[in-house]
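Okay, so here's the structure we're looking at.
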Amino acid sequence: MVQSSLWCAPRIGVQTAMVWIVLTISGVLEAVWATALEASENFKHRKPTALFLLSFTVSLAMLGYALTELPAGTAYAVWVGIGAALVVIVAVVRGEERLSLAKFGLLVTLIGSVIGLQVMS
């Protein structure tokens, strides 16, 4: 029998692990739809608009699934945090935003907070 200690990660059930995976994917899709929404230029372009509609629908459905197991505040904070961080990272990689030291520090804090919420839940 394995002894648990403060240094070992707590065991979580398969269902709970699956919910966290679904929520993480949902957060990634939030970044996809936010980026596609901008690229659609107020729904003038078909491909980004279609990508927005698909990713938005799937993202919200997955968030809804995650809410069956997780508290709404935690799930929503993780969902928004993942999406927001990824949107900024994509914009920086594309050269649309500048990454200052302050912005980098805040992104690290945001990502650390999302991870902290997952670990503490």
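The values are calculated or read from the model by the stated rules, or taken from the named source; none is laboratory data. Please read all numbers here as calculations on a predicted model, not as lab measurements. Because the Cβ atoms are built from the backbone with ideal geometry, glycine has one as well, and the counts that use them run over all protein chains shown.
For this structure, a couple of remarks:
Conditions tested, residue by residue: (1) closer than 19 Å to residue 116 by Cβ; (2) of a type in the set (Gly, Ala, Ser).
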{"residue": "14", "(1), (2)": "no, no"}
{"residue": "26", "(1), (2)": "yes, yes"}
{"residue": "50", "(1), (2)": "no, yes"}
{"residue": "65", "(1), (2)": "no, no"}
{"residue": "70", "(1), (2)": "yes, no"}
{"residue": "92", "(1), (2)": "no, no"}
{"residue": "102", "(1), (2)": "no, yes"}
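- Boolean, residue 51 is part of a helix (DSSP H, G or I), touching a residue at least 40 places away in the same chain (Cβ under 8 Å) and crowded, with 17+ Cβ neighbours inside 10 Å: no
- Condition met for residue 70 (in a helix (DSSP H, G or I) and either on the phi < 0 side of the Ramachandran plot or at pLDDT 95 or above (or both)): no
- Within the option set 105, 64, being without any contact (Cβ under 8 Å) to a residue 40 or more places away in the chain, more than 14 Å from residue 30 (Cα to Cα) and in a helix (DSSP H, G or I) holds for one residue only, 105.
- Filtered residue count, region 76-112, keeping only those that are among the small types (Gly, Ala, Ser) and either under 13 Å from the mean Cα position of the chain (by Cα) or on the phi > 0 side of the Ramachandran plot (or both): 7
- Region 27-48: number of residues that are β-branched (Val, Ile, Thr) and free of Cβ contacts under 8 Å to residues at least 12 places away in the same chain: 0
- Any hit, region 30-39, residues being outside any helix (DSSP H, G or I) and either of a type outside the set (Ser, Thr, Tyr) or on the phi < 0 side of the Ramachandran plot (or both): no
- Residue 115 fulfils the conditions (1) surrounded by fewer than 15 Cβ atoms within 10 Å (Cβ to Cβ); (2) under 27 Å from residue 58 (Cα atoms); (3) more than 12 Å from the chain's Cα centre (by Cα) except for a single criterion, (3).
- Of the residues making up region 63-85, those that are surrounded by fewer than 14 Cβ atoms within 10 Å (Cβ to Cβ) and within 23 Å of residue 110 (Cα to Cα) are 64, 71, 72, 73.
- Odd one out for residue 60, checked against (1) buried (at least 16 other Cβ atoms within 10 Å of the Cβ); (2) hydrophobic (A, V, I, L, M, F, W, C); (3) under 12 Å from the mean Cα position of the chain (by Cα): (1)
- Residue-level analysis places residue 24 among those that are assigned to a helix (DSSP H, G or I), of a type outside the set (A, V, I, L, M, F, W, C) and touching a residue at least 40 places away in the same chain (Cβ under 8 Å).
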